[in-house]
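Notes for the one structure printed next.
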Amino acid sequence: MYNPSRPSAARPRIAVAGATGRVGSALISKLAAEKVELVALSRASGTERLPSAVTVATVDFDVRSTLEDALRGADRLFLSHGTSPRQVANEIALIDAAVGVGVSHIVKLSVLGPPSRLHPFDWHMQIEAQLATRDVGFTVLRPSSFVDILARAGAPIASDTWGGAAGDGLVNLIDTRDVADAAFAALLDGAHVTSQRAYHLTGPAAVSMPEIADQLSRLLGRTVTYQHRSPAEQRERLLASGLSEFVTDLLLGLDRLFYESTLAETTMTVRELTGHAPRPVTDWLSDNISLFRK
């Protein structure tokens, strides 16, 4: 478990890239209660929701000086980027800028999984490979798929049309809050600033989509089913729902990994880093049950 009682500076300055994302926003909320200086790197709107104590620095990934200006004076950097074709170039640009201005430790949000040609797994592999060549301390967090992905099933479940190509495959879904807790511990760890480490983060147990349907049935008091479809049928349905080919391919890639139980691994890392057990899928379902009501 990380020990935050040995900071490298009396009041460390922490830069957060991705502060308005799922993990970033939860992380910012936790850090705002600590004795740290916070700067959120932003290239878009949404920063008005950040705590007032957070300094906002506008960046342009195509202009390195904006990245350096935003990072100058920072001791640590949390690096998260939305999934997009620009992800590799943008994250590497930010890593290089951080190293250039003397950031001592980078906590990168990556992804759990084997070597793969599927996006975004291959993109994270490329970024990790580049990070490994830089002379900087880092912590790579590799979470399994976020349980939040089930939010996409809200409307289909409410209309009894939920399904996909995951079959009975197992996946160990992780709560976003647990990933944020792990990032929080890594950023405040003053004992391993120069270390270069990677951690696999998972929930407490792997589940299948039919098992999630059973859990929802109990919570909703009605029968929920997961309709098994071929990848081709699921692709047709996703495109017909209005999703782009890019997002459709991402979701089909996840279904393939779920079907093959590629992400069924269970680790104790969340408990070891944070001191608490990872939250089960049922907690997230209970907290968000309104998404699935008719």
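So, of the residues in the stretch 264-294 that are charged (D, E, K, R), in a loop (DSSP other than H, G, I, E, B) and surrounded by 13 or more Cβ atoms within 10 Å (Cβ to Cβ), which turns out to be farthest from the chain's Cα centre (by Cα)? Selected residue: GLU265.
Results for (1) in a strand (DSSP E or B); (2) in contact with a helix residue (DSSP H, G or I) (Cβ under 9 Å, 6 or more places away or on another chain); (3) closer than 14 Å to PRO280 by Cβ, shown as yes or no for each residue.
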{"position": "GLY154", "(1), (2), (3)": "no, yes, no"}
{"position": "ASP160", "(1), (2), (3)": "no, no, no"}
{"position": "ALA180", "(1), (2), (3)": "no, yes, no"}
{"position": "HIS200", "(1), (2), (3)": "yes, yes, no"}
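Residues that are more than 21 Å from the chain's Cα centre (by Cα) and not charged (D, E, K, R) within the stretch 244-255 comprise just one, SER244. So which residues in the stretch 237-261 are out of contact with any strand residue (DSSP E or B) (no Cβ under 8 Å at 6 or more places or on another chain) and among the polar types (S, T, N, Q)? Listed by number, the residues that qualify are SER241, SER244, THR248.
Please find, within the stretch 168-188, the residue that is nearest to the chain's Cα centre (by Cα) out of those that are among the β-branched types (Val, Ile, Thr) and buried (at least 22 other Cβ atoms within 10 Å of the Cβ). Ranking the qualifying residues of the stretch 168-188, first place goes to VAL179. When SER244, SER261, SER230 are checked against the criterion of being of a type in the set (S, T, N, Q), out of contact with any helix residue (DSSP H, G or I) (no Cβ under 9 Å at 6 or more places or on another chain) and crowded, with 17+ Cβ neighbours inside 10 Å, SER261 stands alone in meeting it. Selection of helices (runs of 4 or more DSSP H) fully inside the stretch 41-141 by the criterion of at least 2 residues being at negative phi, under 19 Å from the mean Cα position of the chain (by Cα) and surrounded by fewer than 16 Cβ atoms within 10 Å (Cβ to Cβ) returns 121-131. Condition test on ASP168, is it in contact with a helix residue (DSSP H, G or I) (Cβ under 7 Å, 6 or more places away or on another chain), over 29 Å from PRO85 (Cα atoms) and in a loop (DSSP other than H, G, I, E, B)? Answer is yes for this residue. Please indicate, with yes or no, whether at least one residue in the stretch 224-243 is part of a helix (DSSP H, G or I), closer than 25 Å to GLU265 by Cα and touching a Ser or Thr at 6+ places or on another chain (Cβ under 7 Å). Within the stretch 224-243, none of the residues are part of a helix (DSSP H, G or I), closer than 25 Å to GLU265 by Cα and touching a Ser or Thr at 6+ places or on another chain (Cβ under 7 Å).
Take the conditions (1) buried (at least 17 other Cβ atoms within 10 Å of the Cβ); (2) under 23 Å from ILE106 (Cβ atoms); ALA191 misses just one of them, which is (1). Only a single criterion out of (1) assigned to a loop (DSSP other than H, G, I, E, B); (2) among the charged types (D, E, K, R); (3) surrounded by fewer than 22 Cβ atoms within 10 Å (Cβ to Cβ) is not satisfied by GLU211, namely (1).
Throughout, read-outs are computed from the coordinates displayed, never taken from laboratory work. Keep in mind the model is a prediction, meaning the values are calculated, not measured. Here Cβ is always computed from backbone atoms with ideal geometry, including for glycine, and neighbour counts include all displayed protein chains.
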